[in-house]
Amino acid sequence: MNSNNQHSESMAVVGAGLVGSLWALMLAERGHRVDVYERRPDPRQGAYKGGRSINLALSNRGWRALEKAGIADEVRKIALPITHRTMHAVDGTLTRQPYGLPDAPGMFGDPQCIYSVSRGLLNKLLVEQSERHAHVAYHFDHRCTDVDLDGGKLTFERGDGTLLEPIHDRIFGTDGAFSAVRDRMMRTDRFDFSQRYLTHGYKEIEMRPDDNGDFKMESDALHIWPRGEFMLMGLPNPDGTFTCTVFAPYDGPNGLNNLATKAAAEAYFRAHFPDVIPLIPDFAEQWVANPTSSLVMTTCYPWHHGDRTCLMGDAAHAIVPFYGQGMNSGMEDCSVLSELMDSMDGPGDWDRVLTEYTRLRKPSGDAILELALRNYIEMRDKTGDPAFLLRKKIEAKLATAYPGRWLPLYSQVTFSHTPYEEALAAGQRQDRIMERALAEPGIVDNWDRPEVFESILSAWEDSSVS
């Protein structure tokens, strides 16, 4: 990844989360001097305090960035392959839906799948790997209070109350949805910003292993209890636990605001998730003790200021977690910016590189936000719907029996590097075609006829041309 035509520069990375620590590693591999500033304590000391603790779903876009940084094999050691969704009906009936296409090649010799990884473990690994470089320094308990966007000077308030005002050649804001770097950019001319919250929040509880230390449910599945306007989701961890998360509206009959007591939580689970109760005997105690968290979405433009300051990850495009692409899209920012840096002729090229980075990534950031919102409806409402499951069967058959002529939207987003905006547009066309196909009389009993597939493919190829 080193580029011989680049001079070593002093780089500031503001935010030591997943994107920031990965980007620090990629900059260090290029020979730059990197200082990483983080308002929170060192994640390697004590309990992890990294904000949201929802397990992460690592897929191809993220793996590509980790491979570029040379640490994919290390990350694989803490990741669990997830091959399918398992949907749990209220009566306990299970329905399974594979993530990947049959016989499609995956990572590390596994079938095509996503990987569950702990946010805390991954963050610690990325910090450790990047800090091995002699010219990488981490500064924890440093809260960013001001940024000179043009001059490169940053102001930090340290944990002891003293100030630090370093000057750097470049500043990369990787400091999350409530970014201090972006906040300073918002006070510049013609900078657009929007923030909104989902009307739903989430609460986590932990499913511990059985007495033998084994998983209590399938460990190669993402488990979903779809209940219309709300759902429970469970992702496995390498230690035998599952991180279980309820996503629900704040208000209304199924609202989180109505579930403040153990009695209310017990009644809620008995009504909607009865099969979970014996698997998490202390679920009510955990429910009352754990916080309810909100889900924020942000968009902004541009993602850079001049040739010195750049936003990456959630600082540029915070999304909701329902496509498993928040981390992956942030890591893809790193891949794209790194590839643009490969084309540089020297420090004077930064204006061109950052302008092109914004041009390429802004449409992708907007598209994955829309895709994540759409996927929430799918996960909580449609995964138990017979028409939806039939559509997935047809699409899987199309993709395998007619390779190259149809690729489901999920595969485009998760198992390819197709720009998100192109995947979104293709998915919208596929929706229209499949809606017409599923409306045909007798389709339920005769969906696997060759003429059905040819009709769908002809409509798709005609729409692709137009």
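The values are calculated or read from the model by the stated rules, or taken from the named source; none is laboratory data. These numbers were taken from a predicted model, which means no experiment stands behind them. Neighbour counts run over all protein chains shown; Cβ positions are idealised from the backbone, glycine included.
Of all residues in the stretch 159-214, exactly one satisfies the criterion of being in contact with a helix residue (DSSP H, G or I) (Cβ under 6 Å, 6 or more places away or on another chain) and over 23 Å from MET327 (Cβ atoms), namely PHE191. When we screen ASP160, ASP183 for residues that are outside the structural domain of PHE269 (by TED's automatic domain parsing) and closer than 26 Å to PRO291 by Cβ, the only hit is ASP183. Of the residues in the stretch 391-403, not one is at pLDDT 90 or above and not in a helix (DSSP H, G or I). In the stretch 166-186, how many are charged (D, E, K, R), buried (at least 24 other Cβ atoms within 10 Å of the Cβ) and farther than 15 Å from THR299 by Cα? Result for the stretch 166-186: 0.
Check the stretch 208-220 and report whether any residue there is surrounded by 21 or more Cβ atoms within 10 Å (Cβ to Cβ) and either outside the structural domain of ASP251 (by TED's automatic domain parsing) or more than 22 Å from LEU311 (Cα to Cα) (or both). Looking through the stretch 208-220, none of the residues is surrounded by 21 or more Cβ atoms within 10 Å (Cβ to Cβ) and either outside the structural domain of ASP251 (by TED's automatic domain parsing) or more than 22 Å from LEU311 (Cα to Cα) (or both). Looking across the stretch 288-323, just one residue is surrounded by 24 or more Cβ atoms within 10 Å (Cβ to Cβ) and under 26 Å from LEU259 (Cβ atoms), and that is ILE319. Residue check: GLU229 meets all listed conditions (1) at pLDDT below 95; (2) not in a loop (DSSP other than H, G, I, E, B) but one, namely (2). Selection of first residues in the stretch 143-158 that are farther than 22 Å from LEU354 by Cβ and of second residues that are at pLDDT below 95, restricted to Cβ pairs under 9 Å at least 6 apart or on distinct chains, gives the following pairs, ordered by first then second residue: ARG143/GLY159. The helices (runs of 4 or more DSSP H) falling completely within the stretch 404-466 that include 2 or more residues that are over 28 Å from ASP333 (Cα atoms) and aliphatic (A, V, I, L, M) map to 420-438, 443-446, 450-465. Against the list (1) of a type in the set (Val, Ile, Thr); (2) modelled with pLDDT of 95 or more; (3) surrounded by fewer than 21 Cβ atoms within 10 Å (Cβ to Cβ), the condition THR95 fails is (2). Where strands (runs of 3 or more DSSP E) sit wholly within the stretch 6-113, those with at least 3 residues that are more than 26 Å from CYS144 (Cβ to Cβ) occupy 79-82, 84-88, 94-98. The set of residues in the stretch 75-85 that are out of contact with any Gly (no Cβ under 9 Å at 6 or more places or on another chain), surrounded by 15 or more Cβ atoms within 10 Å (Cβ to Cβ) and not hydrophobic (A, V, I, L, M, F, W, C) comprises ARG76, ARG85. Comparison of PHE156, PHE193, PHE178 shows that the only residue that is within 30 Å of TRP287 (Cβ to Cβ) and of a type outside the set (A, V, I, L, M) is PHE178. Residues of the stretch 260-287 that are surrounded by 12 or more Cβ atoms within 10 Å (Cβ to Cβ) and within 18 Å of LEU94 (Cα to Cα): PHE269, HIS272, PHE273, PRO274, ASP275, VAL276, ILE277, LEU279.
May I ask you to verify whether PRO386 is surrounded by 19 or more Cβ atoms within 10 Å (Cβ to Cβ), closer than 19 Å to HIS84 by Cα and modelled with pLDDT under 95? No; evaluated as a whole, the condition is false for this residue.
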